[in-house]
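Enquirer: Encoded as structure tokens, here's the structure I'll be asking about.
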Amino acid sequence: MNIRNKPALREKLAAEYALGTLRGGARRRFETWLRTDAPLRAVVASWQGRLGALAELGRPVTPPARVWEGIERRVNGTAGAAAPAAAPRTPWWRFWQSSAARPWGVLALAASAAAVVLAVRVADLSGTAEVAGPQQIAALTDVQSRTALVVMADTARGRLDVRVAQDVRVPSDRTLQLWAITRAGKPRSLGILPDNRSTDFALDARASGPDVALLAISLEPRGGSPDPNGPTGPVLYKGSWARL
């Protein structure tokens, strides 16, 4: 199969590859194409960047012991049979569990959000009816490029969803305020985050119009910035829209 002149198919396969749902022979064939197709590698990198930001937001969750035991039985070829008596050794998956691998909660968030992204994308490529889901996404990061918030523009619902990482801490006398910064450098207040946690706002062109250069979060007094023209506190996080 030659996919060089099939941009819609290339986009779909790259998205599935980045998410991990492209498997078996299809994945191996795709990896063969990647070796000689630099533009295709760029498409994959773009999808990995979009989905990777979502993986930063998630509460760690320890899987039940039965999950790990089931994995070990499958690896050892004993799926469906009773688990053998435990030997006095440390199973390989315990080493993996204690390594720097991302916790299940993070992966679940990334996978569920990415599934919405793919649903929208596949519907668009196939010409079917529109599927509800975000059409734009922005990862707001600090000066160390660590993602603290993810903002999603869902035009089907008319909502602007704001997801805040669990480790974001705000003094009790301060609040986080979301701004859209235009290309002319003019800030627009989009709202205050209640209790400084995840929320959603009504979506309009003030937040996601073509004149918006980036989104930003500032630290303000309770009640928001006293200056209607812009932030008065420090800008903690910022990021640009990416279209899905």
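Enquirer: For region 1-44, count all C-alpha to C-alpha pairs, find those more than 12 Å apart, and express that count as a whole percent of the total.
Expert: Working: 537 of 946 pairs.
In whole percent, the share of Cα-Cα pairs in region 1-44 beyond 12 Å is 57.
Enquirer: Counting other C-beta atoms within 10 Å, which of MET152, MET1 has the fewest, and how do the rest follow? Intermediate values should be presented prior to the final figure.
Expert: Values: MET152 22, MET1 6.
Neighbour counts put them in this order, fewest first: MET1, MET152.
Enquirer: Assuming R0 = 30 Å, what is the FRET efficiency of THR21 and ASP142, from their Cβ-Cβ distance, to the nearest 0.05? Walk me through the numbers on the way to the answer.
Expert: Details: r = 31 Å, r/R0 = 1.03.
Rounded to the nearest 0.05, the efficiency is 0.45.
Enquirer: Hey, fewest Cβ within 10 Å first, where do ARG188, ARG163 land in order? Before the final figure, lay out each step's value.
Expert: Working: ARG188 17, ARG163 21.
Result, fewest neighbours first: ARG188, ARG163.
Enquirer: Further, regarding this structure: If I stretch the segment between ALA202 and ILE3 completely, what's the gain in nm (0.36 nm per residue apart, minus their alpha carbon distance), one decimal? Write down the numbers at each step before the final one.
Expert: Values: separation 199, 0.36 × 199 = 71.64 nm, distance 4.00 nm.
The ALA202-ILE3 span can extend by a further 67.6 nm.
Enquirer: Relative contact order, percent, of region 139-181 when contacts are C-alpha pairs under 8 Å separated by at least 6 residues? Present the calculation step by step, with values, prior to reporting the outcome.
Expert: Details: 38 pairs, mean separation 10.5, N = 43.
Here the relative contact order equals 24 percent.
Enquirer: Within 12 Å, Cβ to Cβ, of VAL151, how many net charges do the neighbouring residues add up to if Lys/Arg are +1 and Asp/Glu are -1? All intermediate terms of the calculation are to be shown ahead of the outcome.
Expert: Values: positive: ARG159, ARG163, LYS238; negative: ASP154, ASP161, ASP200.
Value of the local net charge: 0.
Enquirer: Here's a follow-up. Among LEU193, GLN136, VAL170, whose Cα projects farthest towards the positive end of the dipole of region 132-243, with charges put on the beta-carbon of Lys, Arg (+1) and Asp, Glu (-1)?
Expert: GLN136
Enquirer: A further question follows. Need the full-extension length gain, ARG222 to ALA242, defined as separation in residues times 0.36 nm minus the C-alpha distance. One decimal, nm.
Expert: Values: separation 20, 0.36 × 20 = 7.20 nm, distance 3.05 nm.
Gain in length upon complete extension: 4.2 nm.
Enquirer: I want to verify the translational diffusion coefficient of region 132-243 in µm²/s; compute it with Stokes-Einstein, Rh as the Kirkwood radius over Cα pairs, at 37 °C and 0.692 mPa s. Provide the component values of the computation, followed by the final result.
Expert: Details: Rh = 13.9 Å.
D, rounded to a whole number, is 236 µm²/s.
Every number here is computed from the coordinates shown, using simple stated rules; none is lab data. Here the structure is a predicted model, which means the values were calculated and not measured. Cβ coordinates were reconstructed from backbone atoms using ideal geometry, including for glycine residues, and neighbour counts include every protein chain displayed.
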